[in-house]
Amino acid sequence: MAPLPVFVTPRCPVRTTLELVGGKWRLLVLHQLGAGPLRFGELRRALPGISEKMLVQELRLLTDAGLTQRHNYGEVPPRVEYELTDTGRAALPLVAAAADFGQHYLSTLQGEGPPADQPQ
């Protein structure tokens, strides 16, 4: 296994997870790649609002961290695909849990106001 990127803090598993998949786009990228390999343009279309520069940065970070891999097929026109590694696939339950929580939270807001544990 490759050494951990310098941004990973191995002393705390929660912090490490947040450093790897935190932010606005990384979980969404992992979610999209969970269905299988995608080309850069397909990913960009699947993530409305992400800039090309941001997608490049996020894919580079996820690849450097060993969660995704990049396949350059050396064809003309160029064909490059991104897919999850085994480690990246291990993060999919985290993506599903985030989706479940988000759905629960949104249904709470739509149905009865703020969650019961928050003051009104």
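The values are calculated or read from the model by the stated rules, or taken from the named source; none is laboratory data. Here the structure is a predicted model, which is why all the values come from computation and not from measurement. Don't worry about glycine lacking a Cβ; one is built from the backbone with ideal geometry, like all the others, and counts go over all protein chains shown.
Say we look at region 60-94 and pick out the residues that are of a type in the set (Asp, Glu) and not in a strand (DSSP E or B); which of these is nearest to Leu20 (Cα to Cα)? Lay out the reasoning, then the answer.
Step one: of region 60-94, the residues of a type in the set (Asp, Glu) are 64, 75, 81, 83, 86.
Those still in the list that are not in a strand (DSSP E or B) too: 64, 75, 86.
Numbers: Asp64: 10, Glu75: 31, Asp86: 15 Å.
Across region 60-94, the extreme among qualifying residues is Asp64.
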key: Residues being out of contact with any strand residue (DSSP E or B) (no Cβ under 6 Å at 6 or more places or on another chain) and either modelled with pLDDT of 95 or more or of a type in the set (Gly, Ala, Ser) (or both) - total across region 70-82   = 1
key: Unique match (being part of a helix (DSSP H, G or I) and modelled with pLDDT of 95 or more) among Leu28, Leu20   = Leu28
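Could you please find all residues in region 18-44 being in contact (Cβ under 8 Å) with a residue 24 or more places away in the chain and either closer than 23 Å to Asn72 by Cβ or more than 11 Å from the chain's Cα centre (by Cα) (or both)? Outline the logic, then answer.
Of all residues in region 18-44, those in contact (Cβ under 8 Å) with a residue 24 or more places away in the chain come to 20-21, 23, 25-27, 29-31, 33-34, 36-40, 43.
Correct list: Trp25, Arg26, Val29, Leu30, Leu33, Gly34, Gly36, Pro37, Leu38, Arg39, Phe40, Leu43.
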query = Do any residues in region 92-120 that are surrounded by 10 or more Cβ atoms within 10 Å (Cβ to Cβ) have Cβ atoms under 6 Å from those of residues that are modelled with pLDDT of 85 or more, where the two are at least six apart or on different chains, and which pairs are they?
reply = Leu92/Gly34; Val95/Leu27; Val95/Leu30; Val95/His31; Ala98/Leu27; Pro115/Thr108
query = Looking at Gly36, Gly66, which is the one that is touching a strand residue (DSSP E or B) at 6+ places or on another chain (Cβ under 9 Å) and at positive phi?
reply = Gly36
remark   = Going through region 45-68 in order, the residues found to be over 13 Å from the mean Cα position of the chain (by Cα) and either of a type in the set (Lys, Arg) or surrounded by 16 or more Cβ atoms within 10 Å (Cβ to Cβ) (or both) are Arg45, Lys53
query = So which pairs qualify, if the first residue must be in region 56-82 and touching a residue at least 60 places away in the same chain (Cβ under 8 Å), the second must be assigned to a helix (DSSP H, G or I), the Cβ gap must be under 6 Å, and the two must be at least 6 apart or on different chains?
reply = Ala65/Leu20; Gly66/Thr87
